[in-house]
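First up is the structure itself, then whatever we jot down about it.
The values are calculated or read from the model by the stated rules, or taken from the named source; none is laboratory data. Remember, it's a predicted structure, so these values are computed and weren't measured experimentally. We place every Cβ from the backbone using ideal geometry, glycine too, and count neighbours over all the protein chains shown. Keep in mind that these areas ignore ligands, DNA and RNA; they rest on the heavy atoms of the full protein, side chains included. Shrake-Rupley method; radii C 1.70, N 1.55, O 1.52, S 1.80 Å.
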Amino acid sequence: MSHKVVIPIGPYHPLQEEPEFFRLYVEGEKVVDIDIVIGYMHRGIEELSEHKHYDQVAFLVERICGICSTSHPFAYVNAVEDLGKIQVPERALYIRTIIAELERIHSHLLWLGLAGHFIGYNTVWMWAWRYREPVLDLFETISGNRNHYAMMKVGGVRRDIRDEDIPIIRKTLDELTSATEMFKGAVMDDPVIQWRLKGVGILTRQQALEWSAVGPTARASGINIDVRRDDPYGAYDRVKWNVIIQKEGDIFAKTVVRILELFESISIIRQCLDAMPKGPIDADVQEIPPGEGIGRVEAPRGECFHYVRSDGTNRPVRHKIRAPSYMNVATNKVAAPGGTISDAALTLAAVDPCYCCTERTAVIERPSEKKIMNGWDLIEKSRQKTKHFLITRGK
Amino acid sequence: MSIKINILTKSLWAYHAATSPCNNCDIEILDVFTPRHDVERFGIVLAGSVRHADVLVVTGVPNFKTKERLKKLYAQAARPCFVVAVGGCACGRIMFRDSYNSPCAVDEVIPVDVYIPGCPPKPEAIIAGIVKLIDKIKGKK
């Protein structure tokens, strides 16, 4: 009988961008179980956001994650607009959509590059990140910063897309289309990548449903889910595009979904640039009434959910954030076992995990005798005391 | 300046420690190694382990969990080990100053040689910071 060995990955590991800790339980080369320990990236953003006013929170939630740094503010402003029944000008909706789709392009290219790096195919990494640079330049042209664009604001957007920038955006999109075509051929038809990624880290449709996977992870397992279509926000109900679905559920399917989504994003941005009306870019928001609201956004990694409750003051009373990686990271528990150790790291990376989005809570282990008790522990304690009395007093 | 230190300035190996950042500085650090900026032509390489590294690049504001790890990483590094704090969080905790889970800035845990502020700093700023570090190692002001 083989012996079960624990292999630690992390918290600081050359493969990982972020500190997180995995315990791989292996028998020989085969992974039989996996434990995920997170909490290294917790910064208490939900609590901080309850001490800032509505305009400041948009900047704070942007700092949840550097890769989806428009998805969180987008979901937050959707939540506040739902709460205050605020009408957003048409032009602002289009600008928001353009920014969100540009972000999806840069995030997917980033993941593609990292995936190439993980399988030891650094050419893909360098290519993908090279073609990602023009997208960041676009962000710099539009908003002034390469990342953390600060475009979202309750009631509209902070900056307009100027008319003289639109030809630059179109030109970059044209270059990006040809680069993505090249990429599609180079990655999807490459025999080495196919051998390496096909049939690895399979998440079946049933498992994806059971573990509530979202975004490209779910769509690669054949689940037809996309917030942009199911619950339209921004200008997504005014443009035509397709939801990309693959059936296999392996890492190759996840790669294909992301590459094909690049084309859909480019098409959405083009349609938005054509249809964008003239007009104001923000509504005049006087005060936020008491109540509660939710905002959902399809971030590059899946559904990003924000809940905001207000009591009529200028600060949210409660701000709940659920990031897509929170569900997707947990699917590793079923996707990684069964594979080999060399595939495990790739499987962990295939859901495009973003731990700084995920970690909304932290458990800190300190050397102390104190034990945190739940209700059942208390009842058990009470019963023990009764038993103790019965024995000591001889009843 | 000893021969060893002089050689260091020709090829700095960097180890990247993320202590609860928002990922953005980390991406910009990786960006510095990709074709547009490509600092590998200056001999700067990302090392897999802190024991192989000359520079510890720290991003993010340390929390209770990563603070201890950062201390350990610095203790494990071969001397001399230079520390570069990248991003506003690492330099001065910016908007996480009031958070219950960010007890200190990076320079309260380990000594920092170069600060690169920005949210996130542009790749050009990171390269400029590394140039300043090399000047500092050489003893220039």
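Dimensions of segment A:239-334 from C-alpha coordinates, computed as largest minus smallest value along each principal axis and given longest first, are 49, 43, 13 Å. Put simply, the C-alpha atoms of segment A:161-254 give a gyration tensor, and the ellipsoid matching it has half-axes of 30, 22, 8 Å, longest first.
The fraction of all Cα pairs in segment A:1-113 landing in successive 10 Å bins from 0 to the largest distance is 11, 27, 27, 19, 11, 4, 1, given as whole percents. Compactness of segment A:1-51 is given as radius of gyration and Dmax, 15.7, 57 Å, from Cα positions.
Annotation: aspartates and glutamates with alpha-carbon distance below 13 angstrom to A:LYS4 (same-chain offsets under eight excluded): A:GLU27, A:GLU29, A:ASP33. Taking every residue in B:86-93 and counting other chain Cβ atoms within 10 Å of its Cβ, the average works out to 1.
Over 20 Å between C-alpha atoms is what I'm after, so list which of A:LYS184/A:LYS240; B:LYS10/B:LYS136; B:LYS10/B:LYS72 land there. Intermediate values should be presented prior to the final figure.
Working: A:LYS184/A:LYS240 22 Å; B:LYS10/B:LYS136 13 Å; B:LYS10/B:LYS72 27 Å.
Too far apart for the 20 Å limit: A:LYS184/A:LYS240; B:LYS10/B:LYS72.
Taking all Cα pairs closer than 8 Å and separated by 6 or more residues, the relative contact order of chain A comes to 24 percent. Of the residues A:GLY279, A:GLY249, A:GLY199, the one that moves most in a GNM of chain A with alpha-carbon contacts below 10 Å is A:GLY279. For the peptides A:183-191, A:301-309, residues were scored by their other Cβ atoms within 10 Å and the scores averaged per peptide; the highest-first order is A:301-309, A:183-191. Mind checking the log10 I(q)/I(0) for the protein assembly as shown at q = 0.06, 0.13 Å⁻¹? Debye, one equal scatterer per Cα, no solvent, two decimals. Summing over Cα pairs of the protein assembly as shown leads to -0.31, -1.39.
With r as the distance between the Cβ atoms of A:ASP311 and B:HIS52 and R0 = 45 Å, compute the FRET efficiency 1/(1 + (r/R0)^6) and round to 0.05. Let's see the in-between values first.
Values: r = 54 Å, r/R0 = 1.20.
My answer for the efficiency is 0.25.
Only protein heavy atoms count here; under a 1.4 Å probe, A:ILE7 has an accessible surface of about 50 Å².
Take each residue of peptide A:125-132, count the partner chain Cβ atoms within 10 Å of its Cβ, and average: the result is 3. DSSP beta bridges fully contained in the protein assembly as shown are about 70 percent antiparallel.
Panel note: contact residues of segment A:22-40 (accessible area lowered by at least 20 Å² against the chain on its own; 1.4 Å probe) correspond to A:GLY39, A:TYR40.
Where does chain B land at 222 nm, in deg cm²/dmol rounded to the nearest 500, when only DSSP H runs of n ≥ 4 count, each adding -39500 (n - 2.57), divided by all residues? Walk me through the numbers before you get to the answer.
Values: 5 runs with 49 residues, N = 141.
The helix-only estimate for chain B comes to -10000 deg cm²/dmol at 222 nm.
Computed from backbone phi, the HN-Hα couplings of segment A:347-352 come to 5, 4, 7, 5, 7, 6 Hz, rounded to whole numbers (Karplus: 6.51 cos²θ - 1.76 cosθ + 1.60, θ = phi - 60°; Gly and Pro given as x). Values of log10 I(q)/I(0) for segment B:3-138 across q = 0.18, 0.21 Å⁻¹ run -0.95, -1.29, by the Debye formula with one identical scatterer at each alpha carbon and no solvent.
Taking every residue in A:250-263, how many Cβ atoms of other protein chains lie within 10 Å of its Cβ, on average? Before the final figure, lay out the partial values.
Details: counts 0, 0, 0, 0, 0, 0, 0, 0, 0, 0, 0, 0, 0, 0.
That works out to 0 on average.
Only protein heavy atoms count here, probed at 1.4 Å, and on that basis chains A and B bury about 3700 Å² of accessible area in total.
Suppose the chain between A:ARG130 and A:SER342 were pulled fully straight at 0.36 nm per residue; how much longer would it get relative to their current alpha carbon spacing?
On the way: separation 212, 0.36 × 212 = 76.32 nm, distance 2.72 nm.
Gain in length upon complete extension: 73.6 nm.
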